[in-house]
Amino acid sequence: MLTLRQLRQFLVVAETMNVRKAAERLHMAQPPLTKAIRQMEEILGTRLFERTNRITALTPAGAVLQKEAVTTLMQMERSMLLTRRAGQGMTGALRIGFVASAVRHLLPEMVARFHFSCPQVVLELKEMTTARQVASLLEDTIDIGIAVLPVPEYAIPKLSCHPFFSCPLIAVLPSKHPAGTSGVLSLSALATEPWVLFPEQEGPGLYRAIIEACEKAGFAPEVVQRAVQMETIVGLVASGLGVSLVPEFMQKSGWANVSFCRLSGEQIPYQVALIHKAENINPHVADFVKNAVPPQP
C-alpha cells in the first residue's frame, strides 16, 4: 500500500524529472528519495520512470499514477476540510427555490459564492415561480427562495426579504414591428397590441405592477397568450403572437426575430430578492444570504 507521503514524493520527482532537485524541494537527502521511488515500483510491480543515467520520462504506468496521485491528494485535503467542518457542526443541506430567469443570469454566481464558503452543505435546487416559493416557504418545504418582488401582502409579515438585484422592464416586440427600430417607446404605443404575459397567480406582485402601469398609460392590455417563463415569453413574441415586457437583461441572450426597446417615462422595476421565513430554523439560510449575494456597489 502506498502512503500519502510516497505519493507526494513521487509527484515532486515527476514534476522536476530530477531526483536531486526533488530532494532539495522536499528538504531530504537524495538517497532516501531514490529508495522511496524504488520501493513504490516494487509495491506496484512496474517501473514509474524511464531511466538512462538519469530520469528521462514517465512510463505509461507513471503517467497514470501521476494523475491518480493528484486526485487522491486533493480528495484527502477535501476530506480533512469537511471532517474539520463537521466537527464544528458545519454540515447540512439547504433547499432553494428559484425563478427560471435566475438560472442563467444570477444563480450560477450565487451558488459558486456559497459553495466556496460552505462546500459541505448540500444544495437542493428547484425551479419555482414566486407564488409557489412563498407557499413552499410557509409550508417549510423549502428553506430559501430566489423570487421576484413584490411578494403577496399576506406573506410579508411572515417572511424576511433581502433584495439584491434590480433592473427595469423593457418592451420586446416582433422584429418586423415598426416601433422596434426606435430603441425607445412609450408604454401607450403598445395599447392596441396583443400581449403575451405570465399567469397572474404565478407572480401576482409583478403582474399587478405591469397592469397598473398600463392603466396609467390609458389602456388595459389584451392578453392573448400566457407563459410562465420569461424565455418562453420572448420565444412567443418572436413567433409574432404579441408584445410583452421582460427584464432588461433578457436582451443580452442573442434572441432572433425580436427587438427590445426601453420604455420612456416612469420605469417598471424587476427586482429579485432572497426570501425566507422570518423564524427559519436552518442555520445555513444566514450563510447563504451572507455569502451568495453579490456585494452591493
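Under the shape rule built on the C-alpha gyration tensor, where the axes satisfy a ≥ b ≥ c, segment 191-273 is rounded, since a/c falls short of 1.5. Only DSSP H runs of four or more residues enter the estimate; each adds -39500 (n - 2.57), and after division by the residues of the chain the mean residue ellipticity at 222 nm equals -12500 deg cm²/dmol.
Secondary structure note: in the chain, about 60% of the DSSP beta bridges are antiparallel. Projecting the Cα atoms of Val285, Phe165, Ala155 onto the charge dipole of the chain, computed from C-beta unit charges around the Cα centre, puts Val285 farthest toward the positive end. Accessible surface computed residue by residue for the chain, with neighbouring protein chains in place and a 1.4 Å probe, gives 53 Å² per residue.
When only the Cβ of Lys, Arg, Asp and Glu is charged (+1, +1, -1, -1), the dipole of segment 216-272 relative to its Cα centre reaches about 20 debye.
Remark: for residue pairs Lys158/Lys252; Lys126/Lys252; Lys21/Lys67, the C-alpha separation exceeds 29 Å in Lys158/Lys252.
For Glu24, the solvent-accessible surface with a 1.4 Å probe is about 110 Å², rounded to the nearest 10.
Here the chain is assigned +1 on the Cβ of each Lys and Arg and -1 on the Cβ of each Asp and Glu. Its dipole about the Cα centre then comes out at about 1740 debye. When the Cα positions of Val134, Leu7, Phe260 are compared along the charge dipole of the chain, Leu7 comes out farthest toward the positive end, with charges on each C-beta of Lys, Arg, Asp and Glu.
Using a probe of 1.4 Å on the protein chains alone, the accessible area found for Arg84 is around 140 Å².
Between the C-alpha center of segment 1-27 and that of segment 121-147 there is a gap of 49 Å. Across the accessible surface of segment 43-188, with the other protein chains kept in place and a 1.4 Å probe, carbon and sulfur atoms take up 58 percent.
Among residues other than Pro221 with Cβ under 13 Å from its Cβ, the summed charge is -2 (Lys and Arg +1, Asp and Glu -1).
Out of (i) 20.0; (ii) 23.6; (iii) 20.5, which label holds the value of Kirkwood radius over Cα pairs in Å that was computed here? Computed from these coordinates, Kirkwood radius over Cα pairs in Å corresponds to label (ii).
Using the crude model of +1 on Lys and Arg Cβ and -1 on Asp and Glu Cβ, and no other charge, please compute the dipole size for segment 1-46 relative to its Cα centre, in debye to 20.
140 debye
Normalised by the number of residues in segment 72-204, the mean separation of alpha-carbon contacts (under 8 Å, six or more apart) gives a relative contact order of 26 percent. Put simply, when 56-68, 186-198 are sorted by average Cβ atoms within 10 angstrom per residue, most first, you get 186-198, 56-68.
The values are calculated or read from the model by the stated rules, or taken from the named source; none is laboratory data. Predicted, not measured: the structure shown is a model, and the values here were computed from it. Ideal geometry is used to build each Cβ from the backbone, glycine not excepted, and the neighbour counts take in all protein chains shown. Quick note on the areas: whole protein, heavy atoms, side chains included, nothing else; ligands and nucleic acids left out. Shrake-Rupley method; radii C 1.70, N 1.55, O 1.52, S 1.80 Å.
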